[in-house]
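> Below is the structure I would like to discuss, written out as structure tokens.
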Amino acid sequence: MINKKTYKIVAFILLIFMLLVGLYYLASSKTFQFFGGIYPRIETNEKVVALTFDDGPSPNTDTVIAILEKLNVKATFFLTGNSMHHYFSETERIIASGHEIGNHTYSHKRLIFRSYKTIASEIEKTDSLIRKAGYKGDIHVRPPHAKKLLALPYYLEQNARKTILWDIEPESIEKISDSSDLMAQYVVEHSKNGSIILLHPMYDWGNESINAIEMIVNGLKNRGYEFKTVSELLE
Ligand SMILES: [Zn+2]
């Protein structure tokens, strides 16, 4: 028979476990955070969407810029400080092409259970590189891996910054992620007014995503959608 003490210990461990699972779900939520505004998409009656690219810049930058130029679309690039440091002229070229830049932190670590000071440094070091490269607009923030718990949302609210996530992510769906056609088809079918589309075209494995851009843009334009930057959507 289990004695009372063992029972209490088991119950306590179970409680801690449930608390951690709960916190993990909260940290991963795309629609809830403890402080400040969080936007997986924008509520609007207009047929507008935003194309967003995470991570980088990288050697793929010029290819992506050229495709957007040809399609006459402005996108929002959530860049990491570390990559901007290595690919600074690519950063300048994204800005010179008129795209929006967002802050994706310096080192792309999951910012949960980190100190306020660490978080401030991750955001501010990245902000200064974005400014140094010549960007003048508001800088919204996208947490790496979409993870945030207390200190990051608190910091962002204190500094009147917005947390921007996404609602359309074709690369995360295993059976379509190795085909640009299927990813584009998915995005065109699932996007709605105010959707924020996420792609990762900056990686070596990002070729299918790069190839999907034109099909996504043409497909959604055919359905009457206009492409906006995240800041334009927020207006
Ligand atoms: Zn990322």
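> For segment 47-96, what are the residues that are within 16 Å of the ligand (Cβ to nearest atom), assigned to a loop (DSSP other than H, G, I, E, B), more than 23 Å from LYS192 (Cα to Cα) and not polar (S, T, N, Q)?
Within segment 47-96, ASP55, GLY56, PRO57, TYR87 qualify.
> When segment 206-226 is examined, which residues are found to be closer than 15 Å to ILE176 by Cβ and charged (D, E, K, R)?
If the condition is that a residue be closer than 15 Å to ILE176 by Cβ and charged (D, E, K, R), then GLU208 is the only one that fits.
> Among the polar types (S, T, N, Q), surrounded by fewer than 21 Cβ atoms within 10 Å (Cβ to Cβ) and out of contact with any helix residue (DSSP H, G or I) (no Cβ under 8 Å at 6 or more places or on another chain): which single residue out of ASN193, ASN218, ASN211 fits that description?
On inspection, the qualifying residue turns out to be ASN193.
> On to the next question. Restricting segment 170-186 to residues that are closer than 20 Å to ARG142 by Cα and touching a helix residue (DSSP H, G or I) at 6+ places or on another chain (Cβ under 9 Å), which is surrounded by the most Cβ atoms within 10 Å (Cβ to Cβ)?
Applying the first criterion (closer than 20 Å to ARG142 by Cα) to segment 170-186 yields 170-172.
Checking which are touching a helix residue (DSSP H, G or I) at 6+ places or on another chain (Cβ under 9 Å) leaves us with 170-171.
Working: PRO170: 23, GLU171: 21.
By that ranking, first place goes to PRO170.
> Could you please let me know if THR105 is in the same structural domain as ILE216 (by TED's automatic domain parsing) and part of a loop (DSSP other than H, G, I, E, B)?
yes
> Here is a list: LYS109, LYS162. Which entry is surrounded by fewer than 17 Cβ atoms within 10 Å (Cβ to Cβ) and not hydrophobic (A, V, I, L, M, F, W, C)? Walk me through how you get there before you give the answer.
Working: LYS162 fails: surrounded by fewer than 17 Cβ atoms within 10 Å (Cβ to Cβ).
It is LYS109.
> Can you run down the residue pairs with Cβ atoms below 9 Å, 6 or more apart or on separate chains, where the first is in segment 102-127 and on the phi > 0 side of the Ramachandran plot and the partner is open to solvent by 60 Å² or more (accessible area, probe 1.4 Å) and within 11 Å of the ligand (Cβ to nearest atom)?
What qualifies is HIS108/HIS145.
The values are calculated or read from the model by the stated rules, or taken from the named source; none is laboratory data. Computed from a predicted structure; not experimentally measured. Positions of Cβ are generated from backbone atoms using ideal geometry, with glycine treated the same way; all protein chains shown enter the neighbour counts. Just the protein is used for accessible areas: all its heavy atoms, side chains included, with ligands, DNA and RNA removed. Shrake-Rupley method; radii C 1.70, N 1.55, O 1.52, S 1.80 Å.
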